[in-house]
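Enquirer: One structure, as structure tokens, below. Some questions next.
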Amino acid sequence: MITTLEEIKSRALDELRNLNELKELESWRVGYLGRKGTLTQLLRGLSSLPIEERREAGAAANKLKSLLEQALADKQELLRKAGLDKLLQQSSLDVTLPGRPAQLGRLHPTTRILRQAGTIFSAMGFEAVEGPEVEWDYYNFEALNIPQDHPARDMWATLWIDYQNEEGERPMLLRTHTSPMQIRFMERRQPPIRVIMPGKVYRYEATDATHESMFYQIEGLAVDKGISMAHLKGTLYEFARRLFGLDRKVRFRCDYFPFVEPGVDMAIDCFICQGNGCRVCGGEGWIEILGAGMVHPDVLRRVDYDPEIYTGFAFGMGLERIPMLKYGIDDIRLFYSNDLRFLEQF
Ligand code: FA5
């Protein structure tokens, strides 16, 4: 029996020495150590030996089993390491380099402000709706008291859509402001109304530090019995206080928009020069963020509201100018130029 064990040992180790592939090791293991392997069979046959011989042979066979198992483990390790070394020599992959951290995305500054503004207005009882960016001339101009050839059309340099109707007119455009949503909303609903309508608007104009050709506006509209200019000012003051804090100064001035009467613009003191005048505010000390006013009676009549019963206020706010004020951004063109060095700061 002992001689047989010695034979198995030298044959098994010889064979193992000559194996060069990890996958060959498995059939070697099955051949010697598997359930039907040479050594396992031999261990099973021990019971037929006389008792003294059985003890000695059993101990020797178990010792051989451990030895073969250890030899197998050593060989596996050896081949694995050799395989890795080969792989490393063949490729330019350096597995010892630390991994690259996964980049987490973040919200765009415009989205952040849009959400903050939404929260503030919603706390004041305003709902929010969205509307189309491709608009009809009727909603963008006509229904807002800006007929063909009205000089106010020049205030909103327009990008027209290349579409002609049967009369040969081109009535479709990229909306130049969110005010057409006032009409669309009032057509569908009856007072009382308190709504904000955010979205993209487009203008065919040269860009500079405070002007883009695509930007966001938030339109606001409140219509009810007894709404006055005091409500307009109160709402916008409160909005400015909640968004910018108590330190920022707010200024209202008369302004002209054909669809409101009276009309105003609201400005915040410049964050860069603290109101002294600089490049960002064009030397004025103030940055205009919105136009507003009391909804014109003709606009109310156009949607079948009686201006003797209902009055309302409306405002249209340039969204990008708000993060500019809040975070001290000195060029609006940074917002949509997709420069990660800028975007990663928020
Ligand atoms: C309007 O667009 C009016 N619809 C606002 C309005 C609504 C008045 C309701 C009355 C009642 P205006 O063209 O001034 O107005 O634009 C409103 C705001 O949009 C400006 O105060 C400014 O903050 C922003 N804005 C205007 N042009 C640009 C531009 N090219 N780039 C970035 N922001 C702009």
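The values are calculated or read from the model by the stated rules, or taken from the named source; none is laboratory data. Every value quoted in this text rests on a predicted model; they were computed, and no experiment measured them. With ideal geometry, Cβ positions are generated from the backbone for all residues, glycine too; neighbour counts draw on all protein chains shown. Side chains are part of the model used for accessible areas, which takes the heavy atoms of the whole protein and leaves out ligands, DNA and RNA. Shrake-Rupley method; radii C 1.70, N 1.55, O 1.52, S 1.80 Å.
Enquirer: Within the range 46-98, how many residues are open to solvent by 90 Å² or more (accessible area, probe 1.4 Å), of a type in the set (A, V, I, L, M) and closer than 18 Å to residue 15 by Cβ?
Expert: Qualifying residue count, the range 46-98: 1.
Enquirer: Here are the criteria: (1) within 13 Å of the ligand (Cβ to nearest atom); (2) free of Cβ contacts under 8 Å to residues at least 40 places away in the same chain. Tell me which single one residue 258 does not satisfy.
Expert: The single condition residue 258 does not satisfy is (2).
Enquirer: Which members of the range 189-232 meet the condition of being out of contact with any Asp or Glu (no Cβ under 8 Å at 6 or more places or on another chain), under 17 Å from residue 289 (Cβ atoms) and open to solvent by 40 Å² or more (accessible area, probe 1.4 Å)?
Expert: 208 - this is the single residue of the range 189-232 that is out of contact with any Asp or Glu (no Cβ under 8 Å at 6 or more places or on another chain), under 17 Å from residue 289 (Cβ atoms) and open to solvent by 40 Å² or more (accessible area, probe 1.4 Å).
Enquirer: I'm trying to understand the selection: among the residues of the range 73-84, which are at pLDDT 90 or above and of a type in the set (A, V, I, L, M, F, W, C)?
Expert: The one that is at pLDDT 90 or above and of a type in the set (A, V, I, L, M, F, W, C): 73.
Enquirer: Moving on. With the condition kept exactly as written, say whether any residue in the range 309-318 is at pLDDT 95 or above, over 29 Å from residue 133 (Cα atoms) and polar (S, T, N, Q).
Expert: Checking the range 309-318: not a single residue is at pLDDT 95 or above, over 29 Å from residue 133 (Cα atoms) and polar (S, T, N, Q).
Enquirer: Within the range 1-14, count every residue that is open to solvent by 80 Å² or more (accessible area, probe 1.4 Å) and closer than 18 Å to residue 77 by Cβ.
Expert: Looking only at that region, the number is 0.
Conditions tested, residue by residue: (1) part of a loop (DSSP other than H, G, I, E, B); (2) within 16 Å of the ligand (Cβ to nearest atom); (3) within 20 Å of residue 298 (Cβ to Cβ).
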| residue | (1), (2), (3) |
| --- | --- |
| 117 | no, yes, no |
| 122 | no, no, no |
| 135 | no, yes, yes |
| 147 | yes, no, yes |
| 163 | yes, no, no |
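Enquirer: Given the options 333, 321, name the one that is open to solvent by 20 Å² or more (accessible area, probe 1.4 Å), within 14 Å of the ligand (Cβ to nearest atom) and under 19 Å from residue 247 (Cβ atoms).
Expert: 321
Enquirer: Looking at the range 116-131, can you tell me whether even one residue there is open to solvent by 50 Å² or more (accessible area, probe 1.4 Å), free of Cβ contacts under 8 Å to residues at least 24 places away in the same chain and in contact with a Phe, Trp or Tyr (Cβ under 9 Å, 6 or more places away or on another chain)?
Expert: no
Enquirer: Tally time: how many residues in the range 237-256 are crowded, with 18+ Cβ neighbours inside 10 Å and modelled with pLDDT of 95 or more?
Expert: 0
Enquirer: Okay, moving on. Output the number of the condition that residue 245 fails; it satisfies all remaining conditions of (1) in contact (Cβ under 8 Å) with a residue 24 or more places away in the chain; (2) within 28 Å of the chain's Cα centre (by Cα).
Expert: (1)
Enquirer: Checking the structure you have, find out if any residue of the range 288-306 is under 33 Å from the mean Cα position of the chain (by Cα), within 15 Å of the ligand (Cβ to nearest atom), modelled with pLDDT of 85 or more and among the small types (Gly, Ala, Ser).
Expert: yes
Enquirer: Any idea which residue in the range 79-93 is farthest from residue 20 (Cα to Cα), counting only those that are assigned to a loop (DSSP other than H, G, I, E, B) and out of contact with any helix residue (DSSP H, G or I) (no Cβ under 8 Å at 6 or more places or on another chain)?
Expert: The extreme case among them is 92.
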